[in-house]
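Report on one structure; see the data block that follows.
Rule-based calculations on the coordinates, nothing more; no lab input. Only a predicted model underlies this, so the values are computations on that prediction, with no experimental measurement involved. In this analysis, Cβ positions are derived from the backbone assuming ideal geometry, glycine residues included, and neighbour counts consider all displayed protein chains.
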């Protein structure tokens with residue numbers, strides 16, 4: 001019995017060693033990326049010490065002359081009038097972005113899966129995926145032109161129906177929805193490709209059996225396709241929890257104006273204005289770092305919950 005156990009252990013060790021040798025080139029390819037991430041993501045984390053100081057740039061980051069204030073910066077940011085509104089705006093925008101980033105790609109993938117003409121299917125995939133590669137700097141300019149109250153094509157169409165022009169990007173009620181919908185339009189192509197890839201793994205025999213039983217297109221989608229890719233849907237959903245406080249700095253920064261800060265200002269843009277974007281006053285580096293650290297802490301908790309749920313319900317493991 002002991003010999004059998006020893007043999008099994010040797011075989012498993014040999015398999016692991018063989019796998020490691022085969023995967024070695026891939027591990028080596030990761031080294032440059034790991035170095036870059038370490039330099040630009042982990043080393044700068046030392047700057048979080050500013051959140052517990054009354055920071056003065058003239059004294060240096062790690063100078064013993066810096067004044068330690070403990071948690072005073074955190075008390076200060078939560079005593080600010082607009083902090084709670086900014087947190088609400090961030091959660092509101094990111095929540096609906098996450099919901100639409102799951103639903104819209106799923107619907108498009110299900111519809112494309114029923115297309116029989118390959119050339120048409122690939123053309124649509126390319127079209128919906130293309131905006132994903134366009135910078136928000138460019139897209140914001142396009143949105144300003146399209147949604148202009150005077151010359152924009154949207155308001156021109158509304159005028160045909162005798163509807164007064166709407167200043168979409170200058171109205172505090174419409175601005176968050178413009179951000180949500182435009183982000184969905186830009187990024188849904190990525191998850192569409194992901195879902196289409198998952199659909200290819202669904203057995204064709206199930207579709208044939210459903211067709212024999214008289215199931216139509218909608219019933220095949222509901223009873224075959226969706227259950228077949230349900231683990232991927234769950235995985236995408238739970239891993240999105242880590243982005244609950246990431247409402248999209250680049251997008252909001254390029255689209256927002258002071259007139260919509262009441263509903264469009266988010267944590268990242270507030271941090272930017274308090275630190276390097278400060279005008280008419282001194283930069284509040286310590287308070288800005290405290291907000292960023294608070295956001296990172298909440299994101300860490302949500303990511304941990306997301307990975308736990310992904311492991312439990314979708315059998316997803318990081319390693």
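Below, the figures for the structure above:
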{"item": "Region 239-308-region 31-71 distance, computed between alpha-carbon centres (Å)", "result": "18"}
{"item": "Computed FRET value (nearest 0.05) for residue 130 with residue 200, which takes r as the C-beta separation and R₀ as 25 Å", "result": "0.70"}
{"item": "Gain in span if fully extended, residue 301 to residue 272, counting 0.36 nm per residue against the direct Cα distance", "result": "8.1 nm"}
{"item": "Residue with peak Gaussian network fluctuation, the chain [Cα springs, cutoff 10 Å], from 109, 211, 33", "result": "33"}
{"item": "Sequence of 161, 96 once ranked by neighbouring C-beta atoms within 10 Å, starting from the fewest", "result": "161, 96"}
{"item": "Fully extended contour minus Cα-Cα distance, from residue 190 to residue 21, at 0.36 nm per residue", "result": "57.6 nm"}
{"item": "Förster radius 45 Å - calculated FRET efficiency between residue 207 and residue 37, Cβ distance, rounded to 0.05", "result": "0.60"}
{"item": "Gained length - residue 81 relative to residue 172, 0.36 nm times residue gap less alpha-carbon distance", "result": "31.0 nm"}
{"item": "Nitroxide proxy distance, nm - points 7 Å out along Cα→Cβ at residue 61 and residue 145", "result": "4.1"}
{"item": "Cα gyration tensor, region 1-148 - rounded (a/c under 1.5), prolate or oblate", "result": "oblate"}
{"item": "Most mobile of 259, 269, 184 in a GNM of the chain (Cα contacts under 10 Å)", "result": "259"}
{"item": "log10 of Debye I(q)/I(0), alpha-carbon scatterers only, for the chain at 0.08, 0.09, 0.15 Å⁻¹", "result": "-0.57, -0.70, -1.34"}
{"item": "Separation between Cα centres of region 184-221 and region 118-172, rounded to whole Å", "result": "29"}
{"item": "Modelled FRET efficiency - R0 35 Å, residue 114 with residue 239, Cβ distances, 0.05 increments", "result": "0.80"}
{"item": "Order of 271, 137, 124 - criterion: other Cβ atoms within 10 Å of each residue's Cβ, fewest first", "result": "137, 124, 271"}
{"item": "Among 242, 292, 152: highest mean-square fluctuation, GNM of the chain, C-alpha pairs under 10 Å", "result": "152"}
{"item": "Cα Rg, Dmax, region 173-224, angstrom units", "result": "16.9, 51"}
